[in-house]
Amino acid sequence: MLDASKFFDALGKRVRSIRKSRDYTQEDMIDFGFSARHWQQIEKGRPITMKTLLRITIALDVPLSQLVRGLSRPLLTEK
């Protein structure tokens, strides 16, 4: 079983930090095609798809490598 909870928690915090550094509110992310609820879930560390991850890089104008570099790696665990 794959445990990626720490990865997604850290990703959510990084996304929030970058969003704030660009002076965007969560509501501003609606202009990039995200619902307010979806964006809140992203920042809370809920798992996201690769497509959503790529949409985030476009919305925040940040390279994918910068977004994920140094985040906790997912772990394989036994059931």
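The values are calculated or read from the model by the stated rules, or taken from the named source; none is laboratory data. The structure presented is a predicted model; accordingly, all values stated were derived computationally and were not measured. Ideal geometry is used to build each Cβ from the backbone, glycine not excepted, and the neighbour counts take in all protein chains shown. Keep in mind that these areas ignore ligands, DNA and RNA; they rest on the heavy atoms of the full protein, side chains included. Shrake-Rupley method; radii C 1.70, N 1.55, O 1.52, S 1.80 Å.
Within the span defined as the range 8-29, one or more residues are over 19 Å from SER72 (Cβ atoms) and touching a Phe, Trp or Tyr at 6+ places or on another chain (Cβ under 8 Å).
Where residues in the range 60-76 are open to solvent by 80 Å² or more (accessible area, probe 1.4 Å) and out of contact with any strand residue (DSSP E or B) (no Cβ under 7 Å at 6 or more places or on another chain), which of them is farthest from ASP3 (Cα to Cα)? Result: ASP61. Checked against (1) touching a residue at least 12 places away in the same chain (Cβ under 8 Å); (2) over 19 Å from PRO63 (Cα atoms); (3) among the small types (Gly, Ala, Ser), GLY12 meets all criteria but (2).
If you check every pair at least six apart or on different chains, which have Cβ atoms under 9 Å apart with a residue in the range 40-55 that is at pLDDT 95 or above first and a residue that is surrounded by 12 or more Cβ atoms within 10 Å (Cβ to Cβ) and acidic (Asp, Glu) second? What qualifies is LYS44/ASP9; GLY45/ASP9. Remark: LYS20 matches the filter, which requires a residue to be farther than 17 Å from LEU71 by Cα and of a type outside the set (Gly, Ala, Ser).
Give the residues of the range 15-54 that are hydrophobic (A, V, I, L, M, F, W, C), over 9 Å from the mean Cα position of the chain (by Cα) and either within 27 Å of ASP3 (Cα to Cα) or surrounded by fewer than 12 Cβ atoms within 10 Å (Cβ to Cβ) (or both), sorted by residue number.
Result: ILE18, PHE34, ALA36, MET50, LEU54.
Among the conditions (1) open to solvent by 70 Å² or more (accessible area, probe 1.4 Å); (2) under 13 Å from VAL68 (Cα atoms), THR57 misses just one, which is (1).
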